[in-house]
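Presented below is the structure to which this report refers.
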There are 2 protein chains.
Amino acid sequence: MIQQASPSAPAAPGMAADLAASRRREADAALAELGHASTAARRAIVEAMIASGRLETPEQLLHDAREKAPATSLATVYRTLERLDAAGRIKRATLASGAVGYGFCGTGHHEHAICLRCGLLQPIRPCLVSDAPDLAGFQVSSHVLDFYGLCARCASEAGATSSGSAEAEGTGRPA
Amino acid sequence: MIQQASPSAPAAPGMAADLAASRRREADAALAELGHASTAARRAIVEAMIASGRLETPEQLLHDAREKAPATSLATVYRTLERLDAAGRIKRATLASGAVGYGFCGTGHHEHAICLRCGLLQPIRPCLVSDAPDLAGFQVSSHVLDFYGLCARCASEAGATSSGSAEAEGTGRPA
DNA sequence: CTGCAAATGCGACTCATTCTCAATACGGAC
DNA sequence: GTCCGTATTGAGAATGAGTCGCATTTGCAG
């Protein structure tokens with residue numbers, strides 16, 4: 001239900017190889033950081049998330065991951081998401097289509113801009129919320145600030161064709 | 001799984017009656033605003049949400065609503081939540097316990113402080129995010145800023161008893 | 001008071017997510 | 001490089017929140 005922009009097939013020759021290599025490195029780093037074993041399935045899942053840069057459904061992640069690790073199962077996708085989430089490396093959001101998408105985010109606190117049409121997950125650094133307001137004794141331990149809307153590409157596409165081509169209809173309001 | 005602070009039994013005599021009356025008025029206003037019929041079940045559900053001022057699970061809302069409208073069913077709770085949500089009067093969040101809670105919020109855009117322990121939903125007005133940052137062509141249509149932590153009461157209780165008394169354990173990180 | 005559209009309750013249903021468990025792969029020790 | 005204990009995996013069953021269909025009831029305009 002969410003668009004898939006970048007190819008997740010084995011890297012094409014040329015400069016694309018650098019990108020693929022850097023993805024692989026980032027995926028390995030993330031897995032190593034978790035302190036868990038680096039298995040083919042986990043690597044494939046994390047690389048797929050990094051490569052897409054979007055919020056994707058578990059089904060999509062499974063599909064993408066299977067290009068590199070064909071035996072991967074949905075249960076493993078969920079288990080991997082769970083571990084990444086525990087490490088704070090996952091952004092989860094419901095898109096306009098109603099689908100729940102999971103996206104990979106880098107380390108450290110930051111905000112996100114989320115395209116409701118294609119699921120693009122755009123990090124915003126540094127954090128925009130420096131000081132919590134006075135809340136009558138409320139002890140703030142964390143905050144979440146997400147911007148929802150249309151990414152540059154989807155905005156122009158939606159402008160050209162009045163009816164979006166993506167499945168996600170737009171209420172403009174995240175769930 | 002979420003604490004219930006204020007009694008939802010028929011209003012006690014005295015000044016509590018004013019509160020109950022104002023809740024009833026607010027509930028009626030919200031329903032009228034929706035342009036839908038004001039039925040006993042809907043009134044009971046909305047009044048329960050307003051009275052609690054917290055994020056509550058559909059099951060809890062059903063339980064609370066049944067004190068005023070005993071025949072209410074879970075399906076009606078969900079249908080009412082759906083209608084309120086369509087009108088932007090609902091805040092939905094996953095608490096630390098993993099339970100999904102629904103809370104009633106007033107009209108107009110505002111932020112929220114959410115107690116991860118008891119589900120308290122504290123509105124923050126006015127909106128703190130005046131201008132969206134430049135996001136390379138990203139068209140922001142809305143944003144969500146939530147503060148998570150402990151309300152004044154839960155903070156002091158958690159401070160007194162090192163192990164919280166509420167069911168919701170605290171990872172300190174919202175889902 | 002009447003009639004009808006809207007709303008309800010019930011129970012069946014869907015489907016995302018989690019669990020179980022035997023088989024397998026990982027990675028440190030040798 | 002090989003071996004072994006343990007973490008991980010895949011498959012399918014199980015769970016449970018949320019939705020749907022439909023006969024019945026209710027709100028409310030006339």
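Please verify whether region B:77-100 includes one or more residues that are surrounded by fewer than 21 Cβ atoms within 10 Å (Cβ to Cβ), of a type in the set (Phe, Trp, Tyr), within 22 Å of B:ALA44 (Cα to Cα) and modelled with pLDDT of 85 or more.
Checked against the condition, which is being surrounded by fewer than 21 Cβ atoms within 10 Å (Cβ to Cβ), of a type in the set (Phe, Trp, Tyr), within 22 Å of B:ALA44 (Cα to Cα) and modelled with pLDDT of 85 or more, region B:77-100 yields at least one hit.
B:LEU74: at pLDDT below 85 and surrounded by fewer than 20 Cβ atoms within 10 Å (Cβ to Cβ), yes or no?
Here the answer is no, as B:LEU74 does not meet what is asked.
Which of (1) touching a helix residue (DSSP H, G or I) at 6+ places or on another chain (Cβ under 8 Å); (2) farther than 26 Å from B:ASP146 by Cα; (3) among the acidic types (Asp, Glu) does A:GLU56 not meet, given it meets every other one?
Result: A:GLU56 passes all but (2).
Here are the criteria: (1) away from DNA strand D (no atom under 14 Å from the Cβ); (2) within 12 Å of another protein chain (Cβ to nearest Cβ); (3) free of Cβ contacts under 8 Å to residues at least 40 places away in the same chain. Tell me which single one B:ALA158 does not satisfy.
Condition (3) is where B:ALA158 drops out.
Report the residue count in region B:38-80 for those that are within 8 Å of DNA strand C (Cβ to nearest atom) and in contact with a Cys (Cβ under 7 Å, 6 or more places away or on another chain).
Selection size over region B:38-80: 0.
Taking region A:58-71 as the region of interest, how many residues are under 12 Å from A:GLU47 (Cβ atoms) and surrounded by 20 or more Cβ atoms within 10 Å (Cβ to Cβ)?
Total meeting the criteria: 3.
For region A:48-80, what are the residues that are among the β-branched types (Val, Ile, Thr), farther than 16 Å from A:GLY106 by Cα and under 13 Å from the mean Cα position of the chain (by Cα)?
A:THR57, the sole residue that qualifies.
Which residues, counting only those in region B:146-155, are over 16 Å from the mean Cα position of the chain (by Cα) and at the interface with chain A (Cβ under 7 Å from one of its Cβ atoms)?
Within region B:146-155, B:ALA152, B:ALA155 qualify.
Give all pairs with beta carbons closer than 6 Å in which a residue from region B:119-142 that is over 15 Å from A:ALA155 (Cα atoms) meets a residue that is among the basic types (Lys, Arg); count only pairs at least 6 apart in sequence or on separate chains.
If the second residue must be among the basic types (Lys, Arg), the pairs left are B:GLY119/B:ARG54; B:LEU120/B:ARG54; B:LEU121/B:ARG54; B:LEU121/B:LYS91.
Kindly indicate whether B:ALA96 is among the small types (Gly, Ala, Ser), away from chain A (no Cβ under 13 Å) and over 13 Å from the mean Cα position of the chain (by Cα).
For B:ALA96, the condition - among the small types (Gly, Ala, Ser), away from chain A (no Cβ under 13 Å) and over 13 Å from the mean Cα position of the chain (by Cα) - is not met.
Across region A:118-136, what is the number of residues that are within 10 Å of chain B (Cβ to nearest Cβ) and surrounded by 12 or more Cβ atoms within 10 Å (Cβ to Cβ)?
8
B:GLU67 fails exactly one of the following numbered conditions: (1) more than 23 Å from B:ALA20 (Cα to Cα); (2) more than 15 Å from DNA strand D (Cβ to nearest atom). What is the number of that condition?
(1)
The values are calculated or read from the model by the stated rules, or taken from the named source; none is laboratory data. This one's a predicted model, so the numbers in the text were calculated from it and none came from an experiment. All Cβ positions, even for glycine, are placed from backbone atoms using ideal geometry, and neighbour counts span all protein chains on display.
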